[in-house]
Amino acid sequence: MSVLSVFYPNELQDSTYAIDYQKMYDRGYRGVIYDIDNTLVPHGAPPDERAVKHFEKLRETGIQFCLISNNKEPRVASFAEGIGGAFYICDAHKPSRKAYMEAVAKMGLLKSQVFFVGDQIFTDVYGARRAGLYSILVNPIHPKEEIQIVLKRFLEKIILFFYKLEHGKTVSRNI
């Protein structure tokens, strides 16, 4: 196990929408925590039809959800409202553990019943790992990002290179 493993996701998926949520439910997961921007929709975008249908399907499956974002309340609250209502935490200060643990508590679940989905290693995955949650890293939805994120994406490529070496997996990452 390398020193970089604190940044490794438990799983890689091409998209939030490619995850088999029924399988996760069958494995005992009853809640999911999501990052919003570039995980569910392009950065700053409102919920699209695909996102709305996704959350309807989660409700039908019996999976609870909570949104956590480093964005301000107007962005996060409007997104939560646009998907038909959701628990949410804004100004999350990811990768701090606090917001992840608060999200688990809001859903009334145990950490072992909750997984996390996000598109960034150094905020999303690292925070989930620090909180002791199963984490799924997805490809960013849209390539256009702020400069500080573009710089982090370069470092993510290095982390994913070593992840691939250690796990013997093919890493498909559109960054």
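Just list whichever of LYS23/LYS152; LYS53/LYS157; LYS106/LYS164; LYS53/LYS94 have alpha carbons separated by over 29 Å in the model shown.
Beyond 29 Å between Cα atoms: LYS23/LYS152; LYS53/LYS157; LYS106/LYS164.
Working from Cα positions, state the angle (0 to 90°, nearest 10) between the long axis of helix 147-167 and the longest principal axis of the chain.
Once rounded, the angle reads 70 degrees.
Round to a whole number: what % of the accessible area of the chain belongs to carbon and sulfur, probe 1.4 Å?
Answer for the chain is 56 percent, counting heavy atoms of protein chains only.
Check which residues have an amide H placed less than 5 Å from ILE89's amide H, if you skip close sequence neighbours.
LEU67, ILE68, SER69
Mean-square fluctuation check for the chain, GNM, Cα pairs under 10 Å: which of PRO74, PRO140, PRO46 is largest?
Of PRO74, PRO140, PRO46, the most mobile in the Gaussian network model is PRO74.
Nearest 10 degrees, 0 to 90: what angle lies between the long axis of helix 73-82 and the longest principal axis of the chain (Cα atoms)?
That works out to roughly 60 degrees.
For the chain, find the longest principal axis of its Cα atoms and tell me its angle to the long axis of helix 97-106, 0 to 90°, nearest 10.
The angle comes out at about 30 degrees.
When ligands, DNA and RNA are left out and all protein chains stay put, how many square angstrom of accessible area per residue does the range 1-108 have with a 1.4 Å probe?
48
In nm, give the distance between the simple-model label positions of GLN13 and LEU165, each being 7 Å from the Cα along the Cα-to-Cβ direction.
Label at GLN13, label at LEU165, 2.9 nm between them.
Ratio of Rg to Rh for the chain, alpha carbon only, Kirkwood?
On the Cα set of the chain, Rg over Rh gives 0.93.
Students often get this wrong: which residues of the range 20-34 have the backbone nitrogen under 20 Å from the point 7 angstrom along Cα-to-C-beta of ARG59?
21-22, 25, 30-34
Residues with amide H under 5 Å of GLN64's amide H, sequence separation 5 or more or different chain, H placed in the peptide plane at 1.01 Å from N; which?
Residues meeting the amide H criterion: GLY31, VAL32.
Can you tell me the order of 110-121, 14-25 when each peptide is scored by its average per-residue count of other Cβ atoms within 10 angstrom, highest first?
On the way: 110-121: 22.5, 14-25: 14.9.
Packing order, densest peptide first, comes out as 110-121, 14-25.
As a test of the formula, what do you get for the chain when each DSSP H run with n ≥ 4 contributes -39,500 (n - 2.57) and the sum is divided by the residue count, at 222 nm and rounded to the nearest 500 deg cm²/dmol?
Computed ellipticity for the chain at 222 nm equals -11000 deg cm²/dmol.
The values are calculated or read from the model by the stated rules, or taken from the named source; none is laboratory data. This one's a predicted model, so the numbers in the text were calculated from it and none came from an experiment. Cβ atoms come from the backbone with ideal geometry, glycine included; neighbour counts cover every protein chain shown. Note: accessible area is taken over every heavy atom of the protein model, side chains too, but ligands, DNA and RNA are not part of it. Shrake-Rupley method; radii C 1.70, N 1.55, O 1.52, S 1.80 Å.
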